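The values are calculated or read from the model by the stated rules, or taken from the named source; none is laboratory data. Note that this is a predicted model, so its numbers are computed, not measured. Don't worry about glycine lacking a Cβ; one is built from the backbone with ideal geometry, like all the others, and counts go over all protein chains shown.
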Amino acid sequence: MKLIADPARLSSASGTFEQELAARLHWSSAQDAAIEQRVADILADVQQRGDAAVLETTARFDRLTAASVAELELTQAELKSAHDSLPTVQRDALAAAADRVRRYHAAQKKACGESWSYRDEDGTLLGQKVTPLDRVGIYVPGGKAAYPSSVLMNAIPAQVAGVPEIIMMVPTPGGEKNPLVLAAAYLAGVTRGFTIGGAQAVAALAYGTATVPKVDKITGPGNAYVASAKKRVFGQVGIDMIAGPSEILVLADGTTPPDWVAMDLFSQAEHDELAQSILLCPDADYIAQVAQAMHRLLPEMPRAEIIAASLSGRGALIHTRSMQEACEISNRIAPEHLEISSREPQRWEPLLRHAGAIFMGAYTTESLGDYCAGPNHVLPTSGTARFSSPLGVYDFQKRTSLIEVSEQGAQVLGRIASVLAHGEGLQAHARAAEMRLKSS
């Protein structure tokens with residue numbers, strides 16, 4: 001059967017555009033009931049039996065048998081050995097990516113992650129104390145593929161934030177360990193690592209076992225089991241987000257080579273069949289050129305079947321009235337990755353309010369952001385960029401309010417608090433404030 005890249009062809013001028021766009025954007029995050037129940041059973045089992053449950057579940061799902069969870073732990077010597085044994089070209093590329101990611105997050109910490117305080121005229125001190133979390137867990141997907149970039153993007157901002165303990169969980173089906181993933185863990189400052197995956201890894205991090213330490217927050221992407229488990233343990237620990245399928249939206253003015261845009265759309269479609277790739281452009285002829293390029297390039301792609309299914313099921317090539325309208329539609333979609341493939345990206349960027357990351361100019365392919373540009377590639381999906389942000393240093397810090405009221409300040413604040421507390425019927429609150437007032 002011949003595979004065809006066949007995204008929907010839409011026009012914003014059509015009377016049915018809104019309904020057609022909504023149908024393309026729809027994605028249900030509801031998991032299969034059977035998965036939800038299995039995840040609930042795994043979490044309860046690990047919470048009750050700890051290491052024993054982790055061992056049994058790991059043997060069942062990853063075909064990895066061990067006498068103890070300690071045997072599943074990755075030593076620092078093993079991480080360093082993996083790093084040192086890499087081919088020079090891989091080792092250098094990993095180091096360069098890690099350096100760029102670290103520099104970006106160091107700048108982020110300096111901009112928004114510092115403590116501050118000030119004093120009122122009466123001497124009262126008010127401020128904010130920023131401190132890192134004590135221990136975090138990062139989940140790195142494994143199995144179908146290996147993701148050293150996910151190690152860098154999750155561990156480095158935690159390290160830059162000052163988190164003293166970073167615990168990595170990475171599934172290794174059949175016991176096969178990827179040296180790039182281990183080397184990335186070595187470079188990124190992972191404290192401890194375990195070859196455990198799935199819901200049992202999330203449960204072990206959230207509840208703690210005799211071997212796996214309990215963490216304060218869990219970050220990192222995973223399959224449906226991992227997403228469901230993270231959702232269920234939220235509250236017991238913090239989480240970064242519940243990620244949906246990957247997305248790319250390209251705003252094009254028709255000046256970028258069509259092959260480049262076609263391949264950028266492929267770059268997200270190849271993740272899985274539910275991934276979404278959308279092109280918004282006011283030039284109908286250019287849209288046709290991109291469509292032709294997609295048909296021509298698809299047979300060359302190793303993951304052609306996945307790309308074709310993604311584009312046919314959720315992809316769209318949308319003809320807009322103008323670039324301004326394209327920006328308006330983009331804001332409504334709030335995509336994970338947003339490329340401004342234009343000769344004047346700075347002209348359109350101010351109009352764009354909602355996106356996980358914005359890639360400006362024809363040379364700024366989203367792939368560079370995935371691996372080595374510097375900003376984090378863990379981004380909000382499914383329209384959540386309207387109210388949430390990329391993973392960053394701030395996700396591994398917490399803010400504590402600082403209040404030191406002077407004697408003089410207590411005379412002013414105490415009277416205000418007394419009135420409001422009496423109004424709420426909380427007399428002890430009022431009395432506590434009144435006791436600090438000087439008798440007149």
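A few comments on the model shown:
- Test set (1) closer than 30 Å to Asn154 by Cβ; (2) surrounded by fewer than 16 Cβ atoms within 10 Å (Cβ to Cβ) - Leu391 fails condition number: (2)
- Of all residue pairs spaced 6 or more apart or on separate chains, those with beta-carbon atoms under 8 Å, a first member in the range 108-129 that is β-branched (Val, Ile, Thr) and a second member that is assigned to a strand (DSSP E or B) are Thr124/Ile403; Thr124/Glu404.
- Test result for Leu133, surrounded by 15 or more Cβ atoms within 10 Å (Cβ to Cβ), in contact (Cβ under 8 Å) with a residue 24 or more places away in the chain and touching a Phe, Trp or Tyr at 6+ places or on another chain (Cβ under 6 Å): yes
- For Pro171, the requirement of being buried (at least 22 other Cβ atoms within 10 Å of the Cβ), in the same structural domain as Val46 (by TED's automatic domain parsing) and closer than 19 Å to Pro390 by Cα is not met.
- Checking each residue in the range 46-80 for being over 14 Å from Gly197 (Cα atoms) and touching a residue at least 24 places away in the same chain (Cβ under 8 Å) picks out Gln47, Gly50, Ser68, Ala70, Gln76, Glu78, Leu79, Lys80.
- Here the condition is being surrounded by 12 or more Cβ atoms within 10 Å (Cβ to Cβ) and more than 28 Å from the chain's Cα centre (by Cα); of Arg103, Arg119, Arg38, it holds for Arg119 alone.
- Taken together, the residues in the range 62-75 that are crowded, with 18+ Cβ neighbours inside 10 Å and not in a loop (DSSP other than H, G, I, E, B) amount to 4.
- In the set (1) among the aromatic types (Phe, Trp, Tyr); (2) free of Cβ contacts under 8 Å to residues at least 12 places away in the same chain; (3) more than 28 Å from Leu25 (Cβ to Cβ), the condition left unmet by Phe194 is number (2).
- Complete set of residues in the range 337-351 that are surrounded by 20 or more Cβ atoms within 10 Å (Cβ to Cβ) and in a loop (DSSP other than H, G, I, E, B): Ser342
- In the range 87-94, the count of residues that are modelled with pLDDT under 95, within 28 Å of the chain's Cα centre (by Cα) and hydrophobic (A, V, I, L, M, F, W, C) is zero.
- Residues that are of a type outside the set (Ser, Thr, Tyr), farther than 17 Å from Gln289 by Cβ and not in a helix (DSSP H, G or I) within the range 305-330 comprise just one, Arg321.
- When the criteria are applied in full, Ala373 fails the requirement of being closer than 30 Å to Glu121 by Cβ and of a type outside the set (Val, Ile, Thr).
- The lone exception for Leu126 - which of (1) surrounded by 14 or more Cβ atoms within 10 Å (Cβ to Cβ); (2) in the same structural domain as Gly208 (by TED's automatic domain parsing) it fails: (2)
- Test for Tyr118: is it under 23 Å from Thr195 (Cβ atoms) and aromatic (Phe, Trp, Tyr): no
- 3 or more residues touching a strand residue (DSSP E or B) at 6+ places or on another chain (Cβ under 6 Å) and under 30 Å from Ser406 (Cα atoms): qualifying strands (runs of 3 or more DSSP E) within the range 76-186: 116-119, 125-132
- Residue satisfying condition, being in contact (Cβ under 8 Å) with a residue 24 or more places away in the chain and assigned to a loop (DSSP other than H, G, I, E, B), within set Leu298, Leu274: Leu274
- Residue in the range 305-316 that is within 25 Å of Pro375 (Cα to Cα) and crowded, with 24+ Cβ neighbours inside 10 Å present: no
- Flag: Ser267 matches the condition of being part of a helix (DSSP H, G or I) and among the hydroxyl-bearing types (Ser, Thr, Tyr).
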